[in-house]
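Below you'll find the structure, written out as structure tokens, and then a few comments.
Read-outs throughout are calculated quantities, based only on the coordinates presented, and are distinct from any laboratory measurement. These numbers were taken from a predicted model, which means no experiment stands behind them. Backbone-built Cβ (ideal geometry, glycine too); neighbour counts: all protein chains shown.
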Amino acid sequence: GDSVTQMEGPVTLSEEAFLTINCTYTATGYPSLFWYVQYPGEGLQLLLKATKADDKGSNKGFEATYRKETTSFHLEKGSVQVSDSAVYFCALRLGSNDYKLSFGAGTTVTVRA
Amino acid sequence: DGGITQSPKYLFRKEGQNVTLSCEQNLNHDAMYWYRQDPGQGLRLIYYSQIVNDFQKGDIAEGYSVSREKKESFPLTVTSAQKNPTAFYLCASRNSRGTGNTIYFGEGSWLTVV
């Protein structure tokens with residue numbers, strides 16, 4: 001079935017370090033891909049998305065490129081801040097009318113001052 | 001402001017009791033969802049509804065029930081049949097028309113069985 005695999009955490013970084021969280025997917029069709037962020041005690045917020053191959057989603061200094069050839073959607077940020085400490089979820093949805101959003105297990109990121 | 005409101009934020013349940021989690025949205029979205037999140041795991045779909053008066057089971061519907069009598073509201077009842085109900089519950093919605101639409105989440109409800 002359709003699924004998402006994320007790099008396991010937790011990840012601990014110093015401020016201004018480079019962050020990469022790997023995400024690969026398995027899907028029978030052409031999914032839309034998403035990164036969601038969850039701050040402590042809160043719900044999920046959409047961070048960025050890409051709906052077709054080679055699209056790049058970006059927001060708040062984060063970027064991810066939809067790579068069909070490697071079935072990947074890795075999240076990157078060049079210089080993290082303490083406020084980026086959160087859990088990050090990669091997710092996919094097969095089509096615009098597909099009800100189901102399949103999530104990865106989440107990666108906990110802690111940024112130290 | 002438009003959004004999804006879940007209540008209560010924290011809820012404690014005694015074993016054998018049913019509890020109902022509220023989810024209200026004023027985004028005029030057709031589709032609504034309930035997910036469950038356990039520590040260190042991703043989200044699992046409990047139920048979803050694509051239109052008023054209609055809903056379908058997700059991957060882990062056993063021990064849960066829902067209703068969709070109004071477009072804005074999609075309450076989730078955690079019944080006594082749910083053997084391990086302690087979790088973080090997330091309600092979501094999206095506009096099912098158009099393409100590339102996004103699922104929006106509420107802030108979640110913590111349920112603890114005591």
Where Rh is the Kirkwood radius over Cα pairs, Rg/Rh for the stretch A:34-92: 0.98
Cα-based radius of gyration of the protein assembly as shown once divided by 2.2 N^0.38 Å, which approximates compact folds: 1.01
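Looking at the stretch B:1-75, which GluC sites (Glu not before Pro) are DSSP coil and have at most 12 other C-beta atoms within 10 Å of their C-beta?
Details: sites: B:15, B:24, B:62, B:69, B:72; in loops: B:15, B:62, B:69, B:72.
Those satisfying the criteria are B:15, B:62, B:69.
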Isotropically averaged projected area of the stretch B:52-114, using the convex hull of Cα atoms (one quarter of hull area), nm²: 5.2 nm²
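If you filter the stretch B:2-60 for trypsin sites (Lys or Arg not before Pro), then keep DSSP loop positions with at most 16 other Cβ within 10 Å, what is left? Before the final figure, lay out the partial values.
Working: sites: B:9, B:13, B:14, B:36, B:44, B:57; in loops: B:9, B:14.
Passing sites in the stretch B:2-60 are B:9, B:14.
If you take the Cα Rg of chain B and divide it by 2.2 N^0.38 Å, with N the number of residues, what do you get? Please report the intermediate quantities before stating the final value.
Numbers: Rg = 13.4 Å, N = 114, 2.2 N^0.38 = 13.3 Å.
Taking N as the residue count of chain B, the ratio is 1.01.
Between beta-carbons, use under 10 Å as the cut-off and find the net charge around residue A:66, counting Lys and Arg +1, Asp and Glu -1.
Working: positive: A:49, A:52, A:56, A:67, A:68; negative: A:54, A:55.
With Lys, Arg at +1 and Asp, Glu at -1, the net is +3.
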Charge sum, other residues only, whose C-beta stays under 14 Å from residue B:8's C-beta, Lys/Arg counted +1 and Asp/Glu -1: 0
10 Å-binned pair-distance histogram of the stretch B:32-79 (Cα, whole percent): 29, 53, 17, 2
Cβ charges +1 (Lys, Arg) and -1 (Asp, Glu), total dipole of the stretch A:25-64, debye: 60 debye
Dipole in debye (nearest 20) - chain B, about Cα centre, beta carbon charges: Lys, Arg +1; Asp, Glu -1: 120 debye
Net charge over other residues, Cβ less than 15 angstrom from the Cβ of residue A:83 (K, R count +1; D, E count -1): -1
Residue exposure sequence - B:29, A:74 - by fewest surrounding Cβ within 10 Å: A:74, B:29
Computed log₁₀ I(q)/I(0) - Debye formula, equal Cα scatterers, no solvent, chain A, q 0.10, 0.18, 0.24 Å⁻¹: -0.26, -0.84, -1.40
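Counting other Cβ atoms within 10 Å, which chymotrypsin sites (Phe, Trp or Tyr not before Pro) in the stretch A:16-113 have at most 16 and lie in a DSSP loop?
Within the stretch A:16-113, the qualifying chymotrypsin sites (Phe, Trp or Tyr not before Pro) (loop, at most 16 other Cβ atoms within 10 Å) are A:18.
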Modelled FRET efficiency - R0 30 Å, residue A:70 with residue A:46, Cβ distances, 0.05 increments: 0.85
Dipole of chain B, positive end: most advanced residue of B:92, B:23, B:37 [Cβ charges, Cα centre]: B:37
